[in-house]
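One structure below.
FYI, it's all coordinate maths here, none of it is from the lab. Remember, predicted model here, so these are calculated numbers, not experimental data. In this analysis, Cβ positions are derived from the backbone assuming ideal geometry, glycine residues included, and neighbour counts consider all displayed protein chains.
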Amino acid sequence: MNSNQKTQKAKLPFVFVNMAMTADGKIATANRAVSSFGSARDHEHLLKLRATADAVLAGARTVDSVAINLGPGPAKFRRLRLKNGLMENNLRVIVSGSGSLDPNAEVFQHRFSPILILTTGRASKARLRQLRAVADEVKVCGRQEINFREAFCWLRGKWGVKRLLCEGGGGLNDALFRAGLVDELHLTICPKIFGGRNAPAIADGRDFRRLAEALPLQIKSFKRIGNEVFAVFRRPLRQ
Ligand SMILES: NC(=O)c1ccc[n+]([C@@H]2O[C@H](COP(=O)([O-])OP(=O)(O)OC[C@H]3O[C@@H](n4cnc5c(N)ncnc54)[C@H](OP(=O)(O)O)[C@@H]3O)[C@@H](O)[C@H]2O)c1
């Protein structure tokens with residue numbers, strides 16, 4: 001069996017994406033100044049989902065554009081994690097193909113759990129050195145593009161990640177959808193319109209040109225709570 005076949009066969013984590021979206025399908029304003037617009041209930045929902053995940057994953061621009069730590073949040077959610085049979089604090093995984101992630105980002109100021117960075121051969125030696133100084137491990141997975149299948153097998157094999165929660169942004173989500181690695185999409189639809197042709201959306205990357213290429217999803221659940229809709233989509237059972 002060659003290394004490609006081994007990667008195909010190796011166990012992957014269950015991958016779920018959680019995003020808040022406006023009624024016009026945006027995840028931030030066009031100038032990226034506003035990206036947090038859900039209710040307090042939506043924030044609680046995010047922390048509850050984190051409490052079911054071994055690791056939280058985010059793209060470089062999400063991590064270095066807002067002051068977030070990707071952690072489990074207050075004590076009640078850390079207790080919930082323990083009750084769910086997980087480590088008290090989730091692992092944190094950041095994707096930065098060129099290594100452009102800001103080593104001064106807020107996330108690195110919070111050392112409660114390991115921070116892992118996935119990158120590629122495009123990252124210069126100098127950038128790798130900077131990131132290695134702030135992360136617990138920097139993993140090069142691919143020369144130009146990240147091989148997420150290989151990266152996720154590594155996360156499962158080396159770090160015991162069975163459930164991986166991706167929190168965007170659109171660039172990272174897009175790569176995971178394309179690689180066929182997303183098992184569920186949790187979407188909070190917020191009653192707002194941001195407009196703006198260049199405002200980011202759930203999956204921002206190379207577009208599918210034909211209907212036949214579109215990624216099919218099935219609705220798993222759909223609930224109105226307060227003034228928001230909480231929806232869960234899943235990958236069709238056979239794909
Ligand atoms: N509403 C919500 O729920 C929500 C959630 C998250 C984020 N957001 C917002 O979304 C915006 C960020 O989204 P975004 O799409 O610009 O950024 P992003 O996905 O967070 O990060 C993009 C960066 O991540 C790395 N990356 C992503 N996919 C990659 C791949 N396939 N291979 C290699 N590297 C990859 C690259 O880093 P390098 O440049 O280093 O190569 C890329 O520039 C922000 O405004 C954020 O606040 C909203």
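Looking at segment 50-118, the chymotrypsin sites (Phe, Trp or Tyr not before Pro) that sit in a DSSP loop and have at most 14 other Cβ atoms within 10 Å of their own Cβ are Phe112. Longest exposed-loop-site-free stretch of the chain, with trypsin sites (Lys or Arg not before Pro), DSSP loop and at most 12 other Cβ within 10 Å? Longest stretch, sites excluded: 12-110.
The convex hull drawn around the Cα atoms of the chain, when projected onto a plane and averaged over every direction, covers 13.9 nm².
Each peptide in 17-23, 211-217 was scored by the mean count of other Cβ atoms within 10 Å over its residues; highest first, the order is 17-23, 211-217.
Excluding same-chain neighbours fewer than eight residues apart, the lysines reachable from Lys26 by a Cα-Cα span under 26 Å are Lys48, Lys192, Lys220, Lys223. Taking the fewest neighbouring Cβ atoms within 10 Å as the starting point, the ordered list for Asp42, Asp183, Asp207, Asp24 is Asp207, Asp24, Asp183, Asp42.
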